[in-house]
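Student: Below you'll find the structure I mean.
The values are calculated or read from the model by the stated rules, or taken from the named source; none is laboratory data. No experiment lies behind these values; they were computed from the predicted model shown. Cβ placement follows ideal geometry from the backbone for every residue including glycine, while neighbour counts extend to all protein chains displayed. Quick note on the areas: whole protein, heavy atoms, side chains included, nothing else; ligands and nucleic acids left out. Shrake-Rupley method; radii C 1.70, N 1.55, O 1.52, S 1.80 Å.
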Amino acid sequence: MTVETRWDAAAPAEPETAYWMRNLIICLIGSFTTIVAMTLLLPFLPLYVEELGVTDKAAIVQWSGIAYGATFFAAAFVAPLWGRLGDIYGRKLMLVRASLGMTVAISLMGMAGSVWQLVALRLFTGLAGGYASGSMVLVATQTPKHRSAWALGVLSSGIMAGNLVGPLIGGALPPVIGIRGTFLLAGGVIFFTFLATTFLIKEEKSPARKKAAKARGSWASISDKRPAIAMLTIGLLLMLANMSIEPIITVYVAQFVAGAHVTMISGVVMAAAALGSILSASWLGKLADRIGHWTVITAALAAAALLLIPQAFVTSAWQLVVLRFLMGIALGGLLPCITAVIRLNVPDAAAGGILGLSISSQYVGQVAGPVMGGFVGGHIGMRAVFLGTCVLLAIGAIYCWWSARREKRPDRGRNFNSVRHHHVNPNNIE
């Protein structure tokens, strides 16, 4: 029978996991600060574009969108490359590279002389950055397997907290120190992240992993690719479904909120989902470590799908806030569980490359989701966005349930290169 391997808590700590808690703390702080630096420009980005010489209102909006999306566009292409290089040369080196690259790029944004330079620097940030995604790879591969989903949940909470705090800081700092000063301060903060990463994170050398990663490509080294394919699909579907709602929130809230309160209530609605995910990520990760990652993923997708149905028929803002908060709780543990399943089903030598592919698939969903949501909302109706997203998540839940049943078949074997000091938990079959 196929079962999820558990590492015995009484067994001697493996070299690569000896510093896992300290690594988690540094990655948590580093991911939070880099995400804050990445997102603090949202409130003042149009103002900065105008300051750089763009005067037409439509052009300001267009260039703001291009500048913001450039980072994610570039990152989607290079995430698998950085993941594979991390497999070969070390995951810590990728974090050092990312933090130094982001220090330079974000500091230079405060010195941009034209909108073209701003866009180019945002592209460079996507190409050279990726600290948060690199942290997910390092934590996933350095943490003991029986604590992996909990650790990834804690890290995910820090990343989501950065997404919440960044725009708040971006709204408060420019009136005090100016837009350019805000970029320079953010670059300085990331420089301290670079120093902490360089001197405090410990990663044991693994010549065997390096040799294996060089000898075979990440994808070719996986004997059973189906769990990885399932998680890549679920990750893309999750981000596509989650982001499809964002473009219509303000317009949807305006149907039952009048006046100047529309934007404020819309912000609360958006923040409610993120807050729910922050609160639930580590708890759901811990639960998944105990009862199984496939089980939590399937249940979370099904719960989120059901919660989308009443969102299509709300009659007041508070109803939408509560439902989005509950949906955030349901979805909070998904990304840590997806990462944990990949970690448990691919060899160590291929983990970075496959997790990089997972990050790329999520970026694709993050870009495609708002486009699809805006199109459906504009041409069919806003309720159709919620109900259509419900169908997508329900399909994802069914697909995950089917994949989990297939994983339980008695003729299936594990895909780990080495299994030492383990015992089997019969309640955690994957």
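Student: Filter the range 233-254 down to residues that are open to solvent by 40 Å² or more (accessible area, probe 1.4 Å) and touching a residue at least 40 places away in the same chain (Cβ under 8 Å) and give me whichever is nearest to ASN345 (Cα to Cα). Please lay out each step first, then the result.
Tutor: To start, the set of residues in the range 233-254 that are open to solvent by 40 Å² or more (accessible area, probe 1.4 Å) comprises 233, 236, 242-243, 246-247, 250-251, 254.
When the remaining residues are screened for being touching a residue at least 40 places away in the same chain (Cβ under 8 Å), the result is 233, 236, 242-243, 246-247, 251.
Numbers: THR233: 15, LEU236: 19, ASN242: 26, MET243: 28, GLU246: 33, PRO247: 36, VAL251: 43 Å.
The residue in question is THR233.
Student: Can I ask one more? Restricting to the range 363-410, name every residue that is outside any helix (DSSP H, G or I), open to solvent by 100 Å² or more (accessible area, probe 1.4 Å) and under 18 Å from ILE309 (Cα atoms). Even if it seems obvious, please write down each step before you answer.
Tutor: Going through the range 363-410, the residues outside any helix (DSSP H, G or I) turn out to be 380-381, 408-410.
Cutting the leftovers down to open to solvent by 100 Å² or more (accessible area, probe 1.4 Å) gives us 380, 408-410.
Within the range 363-410, just ILE380 meets the criteria.
Student: For the range 18-59, enumerate the residues that are at pLDDT below 80 and touching a Lys or Arg at 6+ places or on another chain (Cβ under 9 Å).
Tutor: ALA18
Student: Which ones in the range 341-358 are buried (at least 24 other Cβ atoms within 10 Å of the Cβ) and either in a loop (DSSP other than H, G, I, E, B) or touching a Phe, Trp or Tyr at 6+ places or on another chain (Cβ under 9 Å) (or both)?
Tutor: VAL341, ASN345, VAL346, ALA350, GLY352, GLY353, ILE354, GLY356, listed by residue number.
Yes/no matrix, rows are residues, columns are (1) modelled with pLDDT under 80; (2) touching a strand residue (DSSP E or B) at 6+ places or on another chain (Cβ under 9 Å); (3) closer than 19 Å to ASN163 by Cβ:
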{"position": "LEU237", "(1), (2), (3)": "no, no, no"}
{"position": "GLY259", "(1), (2), (3)": "yes, no, no"}
{"position": "VAL268", "(1), (2), (3)": "no, no, yes"}
{"position": "ALA272", "(1), (2), (3)": "no, no, yes"}
{"position": "LYS286", "(1), (2), (3)": "no, no, no"}
{"position": "ARG290", "(1), (2), (3)": "no, no, no"}
{"position": "ILE297", "(1), (2), (3)": "no, no, no"}
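Student: Let me ask another. Across the range 84-102, what is the total count of residues that are among the small types (Gly, Ala, Ser) and in contact with a Lys or Arg (Cβ under 9 Å, 6 or more places away or on another chain)? Give the steps one after another, and end with the answer.
Tutor: Kept after step one, since they are among the small types (Gly, Ala, Ser), are these residues of the range 84-102: 86, 90, 98-99, 101.
Keeping just the survivors that are in contact with a Lys or Arg (Cβ under 9 Å, 6 or more places away or on another chain) gives 86, 90.
Residues in the range 84-102 being among the small types (Gly, Ala, Ser) and in contact with a Lys or Arg (Cβ under 9 Å, 6 or more places away or on another chain): 2 in total.
Student: Test GLY328 against the stated conditions and say whether it is modelled with pLDDT of 80 or more, crowded, with 24+ Cβ neighbours inside 10 Å and over 19 Å from ALA299 (Cβ atoms).
Tutor: Numbers: modelled with pLDDT of 80 or more: yes; crowded, with 24+ Cβ neighbours inside 10 Å: yes; over 19 Å from ALA299 (Cβ atoms): no.
The answer is no for GLY328.
Student: Counting just the residues of the range 112-147 that are within 17 Å of THR193 (Cα to Cα) and in contact with a Phe, Trp or Tyr (Cβ under 7 Å, 6 or more places away or on another chain), which one comes out modelled with the lowest pLDDT?
Tutor: GLY130
Student: Looking at GLY130, GLY126, GLY178, which one is at negative phi and small (Gly, Ala, Ser)?
Tutor: Values: GLY130 fails: at negative phi; GLY178 fails: at negative phi.
Result of the check over GLY130, GLY126, GLY178: GLY126.
Student: Now, a different point. Out of the residues in the range 37-78 meeting the condition of being of a type in the set (S, T, N, Q), within 26 Å of the chain's Cα centre (by Cα) and over 30 Å from ILE354 (Cβ atoms), tell me which one is surrounded by the most Cβ atoms within 10 Å (Cβ to Cβ).
Tutor: SER64
Student: Take the conditions under 29 Å from SER358 (Cα atoms), crowded, with 19+ Cβ neighbours inside 10 Å, touching a helix residue (DSSP H, G or I) at 6+ places or on another chain (Cβ under 7 Å) and modelled with pLDDT of 80 or more and apply them to ALA230. Does it pass? Break it down stepwise before answering.
Tutor: Values: under 29 Å from SER358 (Cα atoms): yes; crowded, with 19+ Cβ neighbours inside 10 Å: yes; touching a helix residue (DSSP H, G or I) at 6+ places or on another chain (Cβ under 7 Å): yes; modelled with pLDDT of 80 or more: yes.
Spelling it out, ALA230 is indeed under 29 Å from SER358 (Cα atoms), crowded, with 19+ Cβ neighbours inside 10 Å, touching a helix residue (DSSP H, G or I) at 6+ places or on another chain (Cβ under 7 Å) and modelled with pLDDT of 80 or more.
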